[in-house]
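Novice: Questions regarding the structure given below will be posed in turn.
The values are calculated or read from the model by the stated rules, or taken from the named source; none is laboratory data. A quick note: this is a predicted structure, and the numbers were derived from the prediction, not measured. Here the Cβ positions follow ideal geometry from the backbone for every residue, glycine too, while neighbour counts run over all protein chains shown.
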Amino acid sequence: MPLPTFDAHRNLAVSSIAVTPSPPTSGTSITVGSGDGARFPAVPFNATISQPAALLTPLNAEIVRVTAVSGDVFTITRAQEGTAARSIAVGDLIGATVTAKTITDVEGAFTGVARGDAANTFTQVQTIQAAGAPTLYFNDTSQPANARVFQVADYSQTFIVQALNDALSSVLSVPLTLTRAGDAMVGHDIYEKQRATPIGGWIAIPFNAANFSGYSGSTWTVAAGNIGSNSYCLIGRTLIWTLWISGSTLSGTPSQYLMLTLPASISGAVNTGLIVPATFATSWINSFGQIWPGDATKLLLTSIGTNFPNSGGFSCGFTAVIAF
């Protein structure tokens, strides 16, 4: 909203009427005592004209608005602030004193204006404007020293959110920047979907022998010492899983299939039958994977063209990308 405006004021702005308006009850020009025009403030301002040496009443006083001053000659608008025009006489007093308008101007200036000592509700669009870096500071005084202030600023065509010390003199971190081209840069980790690990963060899978099994009469035995690496990360609804096993054993009926339990408790949400792009390395054979239609918690490793070997050490490794 626009800034409030007030009439100018000056102390001891008092004189007497030297030349009355013509006619006295409706004329709009008066002359004050010689040289006294300089006592009065810049126009426009309200002044009271009254009988001298009389207690001011609605019958003997009139408030006028002075709209122009030329030396000692004032141009006035009559009957202001609810007063009635009266017959102005030579010798009447005129003073730019405090009237009701002076007070109501100040009171009205606080209507709809933001306050620093009370909560504000804004119903219109607000603009923070400055040459350089328009800035807002958020200061949570309940927090420890130098852990209270965030700055939000428009700096050199980049929108910045950063943490400052209490003196606003040192940048502690820059959590977020946005450019006008649409680039977003985050100063630390991004967490999504209420997950405890940030996007792209690798999560180690604790060893559990039950996560590795054969299929249809075959047995796949994996010990903790056989695991070179086994970890995953989640990005949105995409699981990236990397696994390397060295020296595990296969026994029983040879099969084209081995089964792995999916990490991250992914089960029914998995797209059953999804072919998993995989890079698979083994001492004997190449394989590809898919979600097993019979159990959506299992990744089915399938040999190509022949069965997995059922004797000797079995090593394999892959990186799988699984949508769920």
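Novice: Every residue in the range 104-131 that is among the β-branched types (Val, Ile, Thr), surrounded by 10 or more Cβ atoms within 10 Å (Cβ to Cβ) and within 18 Å of residue 4 (Cβ to Cβ), please.
Specialist: Residues satisfying the conditions are 104, 106, 113.
Novice: Within the range 212-232, identify whether any single residue is at pLDDT 80 or above, among the hydroxyl-bearing types (Ser, Thr, Tyr) and at positive phi, and answer yes or no.
Specialist: Checking the range 212-232: at least one residue is at pLDDT 80 or above, among the hydroxyl-bearing types (Ser, Thr, Tyr) and at positive phi.
Novice: For the range 86-93, does any single residue satisfy the condition of being surrounded by fewer than 18 Cβ atoms within 10 Å (Cβ to Cβ) and either at pLDDT below 95 or within 30 Å of residue 111 (Cα to Cα) (or both)?
Specialist: no
Novice: Checking the structure you have, find out if any residue of the range 250-261 is among the aliphatic types (A, V, I, L, M), exposed (fewer than 12 other Cβ atoms within 10 Å of the Cβ) and touching a residue at least 12 places away in the same chain (Cβ under 8 Å). Don't jump to the end; show me each part of the working.
Specialist: Here is the first cut: in the range 250-261, the ones among the aliphatic types (A, V, I, L, M) are 250, 258-260.
If we keep only those that are exposed (fewer than 12 other Cβ atoms within 10 Å of the Cβ) too, we end up with none.
The answer is no; no qualifying residue exists.
Novice: Given 126, 143, which one is modelled with pLDDT of 90 or more and not hydrophobic (A, V, I, L, M, F, W, C)?
Specialist: Values: 126 fails: modelled with pLDDT of 90 or more.
Going through 126, 143 in turn, the sole match is 143.
Novice: State all residues of the range 239-256 that are more than 17 Å from residue 316 (Cα to Cα) and outside any strand (DSSP E or B); if no residue qualifies, say none.
Specialist: 253
Novice: On the basis of being under 18 Å from residue 75 (Cβ atoms), in contact with a strand residue (DSSP E or B) (Cβ under 9 Å, 6 or more places away or on another chain) and surrounded by 15 or more Cβ atoms within 10 Å (Cβ to Cβ), does residue 42 make the cut?
Specialist: In short, no.
Novice: Also, quick follow-up: Looking for whichever is within 49 Å of the chain's Cα centre (by Cα) and modelled with pLDDT under 95 here; the options are 4, 52, 58. Which one fits?
Specialist: On the way: 52 fails: within 49 Å of the chain's Cα centre (by Cα); 58 fails: within 49 Å of the chain's Cα centre (by Cα).
That would be 4, the only listed residue that is within 49 Å of the chain's Cα centre (by Cα) and modelled with pLDDT under 95.
Novice: Separate question: Please specify each residue of the range 96-125 satisfying the condition of being within 26 Å of residue 74 (Cβ to Cβ) and of a type in the set (A, V, I, L, M).
Specialist: Within the range 96-125, 96, 98, 100, 103, 106 qualify.
Novice: Let me ask something else. Restrict the check to the range 166-176 and report whether at least one residue is among the charged types (D, E, K, R), surrounded by 12 or more Cβ atoms within 10 Å (Cβ to Cβ) and within 36 Å of the chain's Cα centre (by Cα).
Specialist: yes
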